[in-house]
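Right, one structure below, let's go through it.
The values are calculated or read from the model by the stated rules, or taken from the named source; none is laboratory data. Bear in mind the structure is a predicted one, so any value in this text is a computation, not a measurement. Cβ placement follows ideal geometry from the backbone for every residue including glycine, while neighbour counts extend to all protein chains displayed. Surface areas here come from the heavy atoms of the whole protein model, side chains and all, with no ligands, DNA or RNA. Shrake-Rupley method; radii C 1.70, N 1.55, O 1.52, S 1.80 Å.
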Amino acid sequence: MKEQLLQDGKAVGDRMSRVDGRLKVTGAATYSAEYALPNLVHAVLVGSTIAKGRIRSIDTKAAERAPGVLAVITHVNSPKVPGFAAKQNPDEPPTIGQPLRVFYDDKIYFNDQPIAVVVADTLERARYAAGLVKTQYAAEPHQTNFEANKARGFLPTQAKRNPKSPQNDYDRGQKDGYQSAPVKLEAEYVHESEMHNPMELQSIIAHWEAPDRLTVYDKVQAVKGTQRAFAKDWALPEENVKVIATFVGGAFGNGLHNWPHETAAIIAAKVTNRPVKLVLTREQMFTMVGYRPKTWQRVAMGATRDGKLVGITHECIGQTSSYEEFTESSVQQTRMMYAAPNVSTRYRILGLDISTPIWMRGPGEATGAFALESAIDEMAHLLNLDPLEFRLRNHTDTDPEKNKPWSTKYLKECFQAGAERIGWSKRRMQPGTLREGDWLVGYGMGVGTFGANRGVAKVRAVLRADGSVLLQSATTDIGPGTGTAMVQIAADALGLSPDKIRFELGNSTFPTAPSQGGSSTVNTVGSAVLAACTELKQKLQQLGGAAFAGAAPDQLTLAGGQLGLRTNAAAKASLADLRKQNNGQDIEVTTEAKPGDARQKYSMYSFSVHFAEVRVHALTGEVRVTKMVSCADAGTIVNQKTAGSQMIGGAIGGIGMALHEGALMDDRFGRYVTKDLADYHVPVHADAPPVEVFFVNKPDTLVDPIGTKGIGEIAIIGVAPAIANAIFNATGKRVRELPITPDKLI
Ligand code: MOS
């Protein structure tokens, strides 16, 4: 089958199954918590039970005496982490401020803050002993209620410092120019905090292989970033810290920051001189690894009676912790999506006595699109216009924010494909008028966009004795199928069958790559794969001598154990012979790829539109999403199968955002009441409708040579408003607070 691929043309675009799929479904893939190191011991965290104040005393005696316990570590006896004393570089990602310094002092910043770690020979014994730690607090009044504190929202420090910060106040045309329009609306939108709930819990095994050499098997999205962070913490040269994340069992951004439990495990390993495994509980996933922050938004919009936007004002306040300023790009889509002459955006953050949020799939834009795309639907209704037609009337063929051409934009193609597939023509203009028995039927749409980002990455390519090629890069794969896509890109680049190519990732000793985040891995690492494969072929070409001289790299192939030329079947050189010429060594290159200057001239975004068909029960308010169509302009689609799965996953995530997810705080204690999968609902199979996916699949070679733009984020951005708008169309009820639970509809 694989050789056939090459004969047919290209591996890129094929529906190739995941290269690691069998390992994953048979349990053969080793995840962070599954490394069976000799002498491994287990750690369990104890969390604070107040949200703010100080630890007056912490009694660990009973825990220390419990069977199998090796250590109980608190701020009283923790070894000093050298990096905790150092002044934080405020411009260092991922968030501005000082990340929580675990066991540093007696201060409590949020409820369930780690205050002790118990290490024992078994997990059960560690867990039992953790329950014996007794703490007395000097509690101080805490502030966890968003509404009560909303007025304290402030401009992020980085925006104050940098006038070009995307979080700064923005005005195009007249400030609040919507006011002059003949048709106006103003509305407020809220969503609760949403929690990362990948199947795999956050986990780490920390192992000091020598007093100055640390290895961590860690569930992270950035092995190099984690290596840098821990090297800094422990004042070690970077090469003394090794980070392994070969398999990641799902992540939505929770692995883009380093969290207190990681450092707690590293401290515990240091104290006990044993490899320490620490796996968060599902409950701890709600307090210790970030979340999509609760956000309040106000959109004011003005239009002419014939459906031209005059202006949009979008204000947003997102919550953060008291010790880090987490920001996101919630108002970005409003600046660039529609051809409104007057656009104002204002973004603020609100520090509360809670843990720090972090990016969660479609960070910022998914939140902002809920407000913007709901308001667009509300305006279309006011104007008595089809919301698809209203969007077309305000479509823009250049970026109105940056005044640059788009590198590519095929959003109209997405509109057309989606409208056909969902059956948009069945949609009634008058809400609440399409009924099947007790079920009200409605249709809605929401648009999404996300920057087609690209960073710098290196890839090592090695031609081995058996004619296979090994590729390595310190990227990660949190689920999209990165390894598979890279193999496909390499197969085309090398003219070599995919089963002869292996791509290794998730190891900080590999050539550098950024975190897997922001939908940019194929753009970034894929480009480096292409560059490394090209350089490898050029090296072989030199060894191959006269027969290959002057051939363009894309004419060279490595199939069948031979260096060959697509243009001349007679030109052949055995790879084994070329290797002999290389002193019998593997032929190897390490190549870097970085974005070009097209980035200055063009505005680069992926686009999506999601269409939802819903049925709302007229008597109970139960909502069923009965069909979804997600359409994406994401450039070249490297693998229709894995990319399609990614779109479906995003759509289901969006259903969760619209209908199910919301972490509710009991402000008396500053503690979540929904903190497991029984109380905090995510969509299950019964909630997941058939999702049809459509890709425009036109390359954008200004972004990168493969032509990809990124899928991960646009898969969810715009889904929640599509469902909210469909519910309005079904019922005539406009719900502006997510999640849209049945009580809000009856
Ligand atoms: Mo994501 S929020 O780019 O993991």
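Before moving on, here are some points about what is shown:
- Within a straight-line Cα-Cα reach of under 16 Å, Lys24 can be paired with the following aspartates and glutamates, leaving aside sequence neighbours fewer than 8 residues apart in one chain: Glu34, Glu200, Asp477, Glu504.
- 23 Å Cα-Cα threshold exceeded, pairs from Lys500/Lys641; Lys294/Lys675; Lys175/Lys412: Lys175/Lys412
- DSSP bridge orientation in the range 591-746 - percent antiparallel, rounded to nearest 5: 70 percent
- Think of it this way: in the chain, Cys316, Cys533 stand alone, with no other Cys Cβ under 4.7 Å.
- Note on the chain: antiparallel DSSP beta bridges, both residues inside, total approximately 80 percent of the bridges counted.
- Averaging 1/r over each pair of different alpha-carbon atoms in the chain and inverting the result gives 27.2 Å, the Kirkwood hydrodynamic radius.
- Among 696-705, 300-309, the order from most to least packed when residues are scored by Cβ within 10 Å on average: 696-705, 300-309
- Only Lys, Arg (+1) and Asp, Glu (-1) charged, at Cβ; the range 488-577 dipole about Cα centre in debye: 120 debye
- Size-normalised alpha-carbon gyration radius of the range 415-518, reference 2.2 N^0.38 Å: 1.78
- Candidate residues Lys594, Lys500: accessible-area rank, largest first, probe 1.4 Å: Lys594, Lys500
- Residue pairs, from the table Lys601/Lys698; Lys224/Lys270; Lys219/Lys409; Lys184/Lys698; Lys80/Lys458; Lys537/Lys709, whose Cα atoms sit over 29 Å apart: Lys219/Lys409; Lys184/Lys698; Lys80/Lys458
- Here's how it looks for Tyr189: its modeled amide H is under 5 Å from those of Gln297, Arg298, Val299, which are all 5 or more places away or on a different chain.
- When peptides 281-288, 625-632, 673-680 are ranked by their average number of other Cβ atoms within 10 Å per residue, the highest-first order is 625-632, 281-288, 673-680.
- Close amide H contacts of Gly47 (hydrogens built in the peptide plane, cut-off under 5 Å, sequence separation of 5 or more or a different chain): Ile115.
- Simple rule: put +1 on each Lys or Arg Cβ and -1 on each Asp or Glu Cβ in the range 75-181, find the dipole, and look at Tyr104, Gly173, Phe154; the Cα lying farthest toward the positive end is Gly173.
- The HN-Hα couplings worked out from phi for the range 217-231 by the Karplus form 6.51 cos²θ - 1.76 cosθ + 1.60 (θ = phi - 60°) are 9, 9, 7, 9, 9, 9, 6, 6, x, 5, 4, 4, 5, 6, 4 Hz, whole numbers, x standing for Gly and Pro.
- Eligible aspartates and glutamates near Lys10 by straight Cα distance, threshold 19 Å, same-chain separation 8 or greater: Asp492, Asp499, Asp554, Asp700, Asp704
- Whole-number percent relative contact order across the range 362-501, with pairs defined as alpha carbons under 8 Å at least 6 apart: 16 percent
- Contact order normalised by residue count of the chain, Cα under 8 Å, 6+ apart, percent: 17 percent
- Globularity index of the range 657-746 is 1.48 (Cα radius of gyration / 2.2 N^0.38 Å, N = number of residues).
- Each Cα pair under 8 Å and six or more residues apart adds its separation to the average, and for the range 186-250 the resulting relative contact order is 33 percent.
- Ordered by solvent-accessible area of protein heavy atoms (1.4 Å probe), largest first, the residues Arg292, Arg579 come out as Arg579, Arg292.
- Each peptide in 222-235, 161-174 was scored by the mean count of other Cβ atoms within 10 Å over its residues; highest first, the order is 222-235, 161-174.
- 3J(HN,Hα) along the range 189-202, derived from phi through the Karplus expression 6.51 cos²θ - 1.76 cosθ + 1.60 where θ = phi - 60°, amounts to 10, 9, 9, 6, 4, 10, 9, 5, 9, x, 4, 6, 6, 5 Hz, with x in place of Gly and Pro.
- Positive-end extreme of charge dipole, the chain - chosen from Asn403, Gln640, Val441 (charges on Cβ): Asn403
- Note on Lys61: lysines with a C-alpha under 16 Å away, same-chain residues under 8 apart excluded, are Lys134.
- Cut-off under 5 Å, modelled amide H: who pairs with Arg435 long-range: Val441
- Sum of -39500 (n - 2.57) over DSSP H runs of 4+, divided by residues of the chain (222 nm, nearest 500): -6500 deg cm²/dmol
- Residue (of Tyr291, Gln472, Val117) at the positive-pole extreme of the chain, dipole from beta-carbon charges: Gln472
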